[in-house]
């Protein structure tokens, strides 16, 4: 049995679909952020797999993943700061309770 | 033909990715969701290691598993009681989420299986740190000094933004 590209793309596709499901159904803001991380992570896997299987001599996919990881870390830190600020003013992190632009 | 050990390792990695990502979005305890996310990220790092990208796997463990999950756990402990279950989903919302996810899975899976040629894994030398550093710091063709500087400015803006947003007035 040979490991082909599909063997890595299918788990990453399932991971992305889990992220979509969680993003639609979750109500807690942090759980939504967790689903977002799943989606970003599966895209990173795709970059690396395409780089490894189709262009094994170059490193573009690897560096794109490196920058994507850094941007994901920055985005998560900022989103968590916003969520904590929302929690401080509304005492809740439920997306359906937070419906007013409150100051 | 590959060795039995590498196939077993692959099956374990793929199964743990699938199982832990499903559990991370379906469990009703939020702290458990963060823990399952941690395991899914570790399995991703194992994929990077098995594809000979050692540096990327190390970055994945250090930044994602070490940094982001810790942030998640702290913010969960700050904003909710960790033992509580989240409220049951309304069935309408669950159905719409399931439809979106399964439709996407079917369409993309069909396209992948029908179009993706079965490329075998080509031979590649694992990338050594010297080459990674030279590529990251070079200004020539296919080298990444400008995005590196841009991302450092982005991280600085993110630090300042985080402090300004989250500080007490």
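Structure data summary
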| read-out | value |
| --- | --- |
| Cα convex hull of segment B:77-146 - mean projected area over all directions, nm² | 11.5 nm² |
| Kirkwood Rh in Å, taken over all unlike Cα pairs in segment B:1-88 | 14.2 Å |
| R0 of 35 Å, Cβ-Cβ distance residue B:137-residue B:115: FRET efficiency to nearest 0.05 | 0.40 |
| Nearest 10 degrees, 0 to 90: helix A:60-90 Cα axis against chain A principal axis | 10 degrees |
| Contact order normalised by residue count of chain B, Cα under 8 Å, 6+ apart, percent | 16 percent |
| Angle in degrees between helix A:29-54 and the longest Cα principal axis of chain A, rounded to the nearest 10 | 10 degrees |
| Highest-fluctuation residue, B:132, B:69, B:95 considered, GNM on chain B with Cα pairs under 10 Å | B:95 |
| Cα extents of chain B along the three principal axes, largest first (Å) | 50, 49, 30 |
| Angle in degrees between helix A:5-25 and the longest Cα principal axis of chain A, rounded to the nearest 10 | 10 degrees |
| For A:57-66, mean number of other protein chain Cβ atoms within 10 Å | 6 |
| Alpha carbon centroid spacing (whole Å) that separates segment B:86-129 from segment B:41-58 | 19 Å |
| Among A:70, A:79, A:31: highest mean-square fluctuation, GNM of chain A, C-alpha pairs under 10 Å | A:70 |
| MRE, 222 nm, helices only [DSSP H, n ≥ 4, -39500 (n - 2.57), over chain B, to nearest 500] | -23000 deg cm²/dmol |
| Spin-label model distance (nm) - residue B:3 vs residue B:163, 7 Å beyond Cα toward Cβ | 5.1 nm |
| Segment A:10-90: relative contact order in percent, alpha carbon pairs under 8 Å with at least 6 residues between | 26 percent |
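Where a number appears in this text, it was derived from the coordinates with a stated rule and is not lab data. Computed from a prediction, not measured in an experiment: that's the story for all the values here. Cβ atoms come from the backbone with ideal geometry, glycine included; neighbour counts cover every protein chain shown.
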